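Novice: Mind looking over this structure? Questions follow.
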Amino acid sequence: MRLIELIDKIIPLRDTGNFTEIEIHSLVADSRKVVPGALFVCLDGEKEDGHAFIDDAVKKGASAIVVSHVSSRFSQYSNTIFLIHENPKKILPDLLNRFYQHPSMRLSLMGVTGTNGKTTTTYLIESIYREAGKSCGVIGTVNYRFGGKVFSARNTTPGLADIIFYLDDMIKAGVGACVMEVSSHALVQQRIQGLVFEQAIFSNLTSDHLDYHHTREEYFLAKSKFFDGSNNVKRSIINVDDPYGRRLVGMSAAPVLTYAIDENADIRARNINMELSGSEFELATPKGTIAIRTPLIGRHNIYNILAAVSSCFEKGFSPEEIRKGVESLAVVPGRLERVEEAKDFFVFVDYAHTEDALKNVLESIRGIGRHRILVLFGCGGDRDKTKRPKMASVVEKYADFAIIANDNPRTEDPDAIVGEILQGFTHDRYKVIQDRYEAVRFILEMARPGDCVLIAGKGHEDYQIFKDKTIHFDDREAAKQFFKK
């Protein structure tokens, strides 16, 4: 696309000379992704300022750079045009949508937000599409994937430039829909600004990310931006068993479809029966009832199924397509993922890293059979500190014994993290083993026939972050190594 066409009526033209005739071959907001012929947009981020990487962008061949202010040093770059706008972040959505021809309007885009359940809901929606013979891309915590391609996920919700790039690639690959996890950080930082969503799905809200949002109310208001008209959404799908979901119904700028187990709703689950082998229930919809039998266990997974079913029901999928899609999904990476090598007792790996997520998982395990529950968990560094003693309290209430191990300490002192966790215990039915591999070995050696071991916090992650290094570590691999020995 010619530069003059790309910036027309978006960036006021100044003395640009003959540079307006140049062709722009890519549009990026990350200097590491600059290639010859690129337009690089400098953004003022929370940690870094894009203007600090202008030299790097020029060396890599950027044809044009959008900046927020004039600088005398720009004159040294005779082969690069500098375009001035007081707020490059504000115009980035317009530039991206013009360059990529509004990809969110050329496929069916769905977004899932909430504290817990986002990942499983996206997997379920993808499974329903697949069983119906349709394609659906996914952008989420585990990875970004479509058309047989899988990309590692740096963030639950990537930056806007990356999202639009992936959506454009999906369209080129013939993918007709995409479901993405939408984090509260992304909503506050306007990473989805300018996108058009056919659906916004709300799962639930409990305390999390209070290091960033400060209070639960502030956290809720961040989530509400997805529904209150701040973003372009055509339909809201909301869990009305959640009190914050009920608030969202009144705040939604789009028509609402509701789901629940207990409250009256458009989509409901009834006659629920849960076992360690799976769950079964009746799915009540405005067009009739569907009998569901799923390998997924726990009440929280029934909510995830309801969210996915509500999305696909609203899109016109048949009851049979919905049933087959739900029942064919056997496991979600790191979400109550069972380690099959354990024969005499049960071992599950789960991503639960909030008190509510832990409570949901432990209630599911406790309510399914008679067994002793052993839990290994920790808390991430440089994250919400208020949840650390709360997670310990939940483990104390629902488990018989706990091992406290390192999660991702990041730049924090692991001893200090453990100290804050221990404030939530009132008994001594726990042991601190910070080395996570040794902690996994110890808890599995403790297990007796019929016990249930939960290794919580990291789920699908295959790394551990310390102050001075990042190492490979996967809870599932550690457990499997134990059984091999």
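The values are calculated or read from the model by the stated rules, or taken from the named source; none is laboratory data. Since the model is a prediction, treat every value here as computed from it, not as a measurement. All Cβ positions, glycine included, derive from the backbone under ideal geometry; neighbour counts span all protein chains shown. Accessible surface is based on the protein model in full, side chains and every heavy atom, while ligands, DNA and RNA are left aside. Shrake-Rupley method; radii C 1.70, N 1.55, O 1.52, S 1.80 Å.
Novice: If Val453 satisfies all but one of (1) open to solvent by less than 40 Å² (accessible area, probe 1.4 Å); (2) in contact (Cβ under 8 Å) with a residue 12 or more places away in the chain; (3) not in a strand (DSSP E or B), what's the number of the condition it fails?
Specialist: The number of the failed condition is (3).
Novice: Does Asp262 qualify as being in contact with an Asp or Glu (Cβ under 7 Å, 6 or more places away or on another chain) and acidic (Asp, Glu)?
Specialist: yes
Conditions tested, residue by residue: (1) at pLDDT below 95; (2) open to solvent by 40 Å² or more (accessible area, probe 1.4 Å).
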{"residue": "Ala253", "(1), (2)": "no, yes"}
{"residue": "Thr258", "(1), (2)": "no, no"}
{"residue": "Ile267", "(1), (2)": "no, no"}
{"residue": "Gly316", "(1), (2)": "no, yes"}
{"residue": "Glu321", "(1), (2)": "no, yes"}
{"residue": "Ser328", "(1), (2)": "no, yes"}
{"residue": "Glu363", "(1), (2)": "yes, yes"}
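Novice: So which pairs qualify, if the first residue must be in segment 43-72 and in contact (Cβ under 8 Å) with a residue 60 or more places away in the chain and open to solvent by less than 10 Å² (accessible area, probe 1.4 Å), the second must be in a loop (DSSP other than H, G, I, E, B) and among the polar types (S, T, N, Q), the Cβ gap must be under 8 Å, and the two must be at least 6 apart or on different chains?
Specialist: Every condition considered, the pairs that remain are Ala64/Thr80.
Novice: If we keep just the residues of segment 330-340 that are open to solvent by 10 Å² or more (accessible area, probe 1.4 Å) and out of contact with any strand residue (DSSP E or B) (no Cβ under 8 Å at 6 or more places or on another chain), which is farthest from Gly114 (Cα to Cα)?
Specialist: Per the stated criteria, the residue is Glu340.
Novice: Separate question: Give me the pairs: first residue in segment 164-190 and more than 24 Å from Phe99 (Cβ to Cβ), second residue among the aromatic types (Phe, Trp, Tyr) and open to solvent by less than 40 Å² (accessible area, probe 1.4 Å), beta-carbon distance under 8 Å, and six or more apart or on different chains, which are they?
Specialist: Ser184/Tyr219
Novice: Residues being assigned to a strand (DSSP E or B), closer than 15 Å to Ala307 by Cβ and not small (Gly, Ala, Ser): count how many of those fall in segment 89-148.
Specialist: Number of matching residues: 4.
Novice: Taking the options Glu280, Glu263, name whichever one is touching a helix residue (DSSP H, G or I) at 6+ places or on another chain (Cβ under 9 Å) and acidic (Asp, Glu).
Specialist: After ruling out the rest, the residue left standing is Glu263.
Novice: Taking Gly133 as the residue in question, decide whether it is on the phi > 0 side of the Ramachandran plot, open to solvent by 20 Å² or more (accessible area, probe 1.4 Å) and touching a strand residue (DSSP E or B) at 6+ places or on another chain (Cβ under 8 Å).
Specialist: In short, no.
Novice: Here's something else I'd like to know. Taking segment 365-386, which residues are within 19 Å of Tyr398 (Cβ to Cβ), in a loop (DSSP other than H, G, I, E, B) and open to solvent by less than 60 Å² (accessible area, probe 1.4 Å)?
Specialist: Within segment 365-386, Ile368, Gly369, His371, Arg372, Gly378, Cys379 meet the criteria.
Novice: Could I ask something else about it? Could you tell me which of the residues Leu95, Leu124 is open to solvent by less than 20 Å² (accessible area, probe 1.4 Å) and out of contact with any helix residue (DSSP H, G or I) (no Cβ under 6 Å at 6 or more places or on another chain)? Full working, then the answer.
Specialist: Details: Leu124 fails: out of contact with any helix residue (DSSP H, G or I) (no Cβ under 6 Å at 6 or more places or on another chain).
Testing whether each residue is open to solvent by less than 20 Å² (accessible area, probe 1.4 Å) and out of contact with any helix residue (DSSP H, G or I) (no Cβ under 6 Å at 6 or more places or on another chain) leaves just Leu95.
Novice: Taking the criterion of being of a type in the set (Lys, Arg) and part of a helix (DSSP H, G or I), would at least one residue in segment 323-333 satisfy it?
Specialist: Checking segment 323-333: at least one residue is of a type in the set (Lys, Arg) and part of a helix (DSSP H, G or I).
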